[in-house]
1. I need every pair where a residue in region 202-218 that is under 17 Å from Ile172 (Cα atoms) has its Cβ under 8 Å from the Cβ of a residue that is open to solvent by 70 Å² or more (accessible area, probe 1.4 Å), sequence separation at least 6 or different chains.
2. Is it true that some residue in region 364-377 is within 24 Å of Ala45 (Cβ to Cβ), at pLDDT below 90 and β-branched (Val, Ile, Thr)?
3. Do we have Glu10 as without any contact (Cβ under 8 Å) to a residue 40 or more places away in the chain and on the phi < 0 side of the Ramachandran plot here?
4. Which condition number does Thr355 fail, the rest of (1) more than 28 Å from the chain's Cα centre (by Cα); (2) open to solvent by less than 10 Å² (accessible area, probe 1.4 Å) being met?
5. Hey, does region 66-84 have a residue that's modelled with pLDDT of 95 or more, open to solvent by 40 Å² or more (accessible area, probe 1.4 Å) and more than 30 Å from Lys119 (Cα to Cα)?
6. Among the residues of region 354-375, is any closer than 15 Å to His414 by Cα and part of a helix (DSSP H, G or I)?
7. Report the residue count in region 13-26 for those that are in contact with a Gly (Cβ under 9 Å, 6 or more places away or on another chain) and either without any contact (Cβ under 8 Å) to a residue 60 or more places away in the chain or of a type in the set (Ser, Thr, Tyr) (or both).
8. Just one of the numbered conditions (1) assigned to a helix (DSSP H, G or I); (2) in contact (Cβ under 8 Å) with a residue 40 or more places away in the chain is not true of Gly320; which one?
Amino acid sequence: MEKNEAENGEIHFHNGEYNQAITIYNKILENNPKEIATLNMKAIALSNLDYDRKSLKIFHEVLQQKPNDIIALTGMGVGFGNLGEYKESMNYFEKALEKNPNSNVIKNYIEIIEEINSKYRYNPTEKPTGHKEIKTGVIPNWFKNIVGWWTLEKINDQDFLNILEHMIENKIIQIPDKDRFENLNELKMLSWIKNNLDLWSNDQTNDKEFFKSINWLKDNKFLSIEKNSQKSEEDLEYEKYWFDRYLADISNNIAKEKRYIEYPNPSQDVIKKFLRDYKSWNFEEQVKSSSNNFPDPTYEVVDKIYIIKYKIYINPQPAGLPLNHIETLNETFNFWESQELKTNNQDARVEFEITKSKADANVWLTWVVRDMGEGVLGHAHLGKGVVEVALGSYGCDGSFQLFDVESVKTIMTHELGHSIGLPHTSDRTNIMYPSYTPSHAYCLLD
């Protein structure tokens, strides 16, 4: 029964029916309140409904169970960004990127937060006094004395290792996994590590050398860390209480400061501006117009090769679009201009020239953020005429989400191929293959 409920919740979610989806998620969570996948889906649905504080509380609950959950870390970054707490937002995005360094979605969010931070000054909300946060990589100053006693043999090896185990298990220090010795095959002994830590305790090396040494001790079984130590319910409730207090303080500051907030996901802002300007751009009439209304491209023969010349009119990008697809368009032009083509069984090449006159254009290229139909990413008349390139879709989480640059470039190159007369092909490796799955720039589920 729960599986069917989850499937029904997913259907509502991807249709943008978030309230219905949340109702189903709540039923699932009644039976299994710590089910991470359902908690994440509920948090995203709340975020898409602009209930940022509620969303953050649930993502926080996920991270209490699974501190490295990528969706929850990224969701926290989005949520704090939506509240104008950009420093805290960046903290979570950076944690997410550390765990998933190849994520373009996380990199896009970070880029926007960095840009926002460069434009606006604001006072980050201080965390309440009782809020405890242990930061990875922070070492208490007094621990250098412990290392010094060990290197001077005032305490033996086992006593030192026991102290170190206790500190790691109780999160007095947390060791970044990324800091490790480069040559893992190089033979090292405990005495070598002791010498390395002696240098660190005397401020002759930096903290990274300390972390490398501790990771070596862990990897070589000198430390036996209890990895599955669970927080008590009391600890979890304590953390929730102070996190709620922190969110309440943020809300109070927003009201007092009349804080201007620029959201880290620009997709909704772009779609709103597009729909506002939609009629003035007169898309539908242009798309309905026959390609016969466009002038034919010109050509000349050079060394028995037909050089077909297209004049391209480019519609302005939608207002607020953070990803510059005009530059990407030059890569598309270069791609097609480098191809060896055929026309009437003769060798041919194409050349493109950008024009500011719609009347002179053989091809009018326009960017769209409207829904063109399920699975439709673009539209083009064959040979000449209008080319529409989708900048996003509703296919990721039920709300409109922008595509990333590489996806738009692929769609653009494919549709421009139609505009110069190329049909679809059955070759999956060819740019004119009719099926393509784009990636989104900001969607948490992509």
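1. Here the result reads Asn215/Asp177; Asn215/Arg180, each pair linking region 202-218 to a residue that is open to solvent by 70 Å² or more (accessible area, probe 1.4 Å).
2. Taking every residue of region 364-377 in turn, at least one turns out to be within 24 Å of Ala45 (Cβ to Cβ), at pLDDT below 90 and β-branched (Val, Ile, Thr).
3. yes
4. With (1) more than 28 Å from the chain's Cα centre (by Cα); (2) open to solvent by less than 10 Å² (accessible area, probe 1.4 Å) applied to Thr355, the lone miss is (2).
5. no
6. Scanning region 354-375 turns up no residue that is closer than 15 Å to His414 by Cα and part of a helix (DSSP H, G or I).
7. Narrowing region 13-26 to residues in contact with a Gly (Cβ under 9 Å, 6 or more places away or on another chain): 13-18, 20-25.
Keeping just the survivors that are either without any contact (Cβ under 8 Å) to a residue 60 or more places away in the chain or of a type in the set (Ser, Thr, Tyr) (or both) gives 18, 20-25.
Qualifying residue count for the region: 7.
8. Here Gly320 meets the rest and fails (1).
The values are calculated or read from the model by the stated rules, or taken from the named source; none is laboratory data. Since we're looking at a predicted model, the values are computed, not measured. Note that we place each Cβ from the backbone using ideal geometry, even for glycine, and neighbour counts take in every protein chain shown. These accessible areas exclude ligands, DNA and RNA; they are computed on the full protein's heavy atoms, side chains included. Shrake-Rupley method; radii C 1.70, N 1.55, O 1.52, S 1.80 Å.
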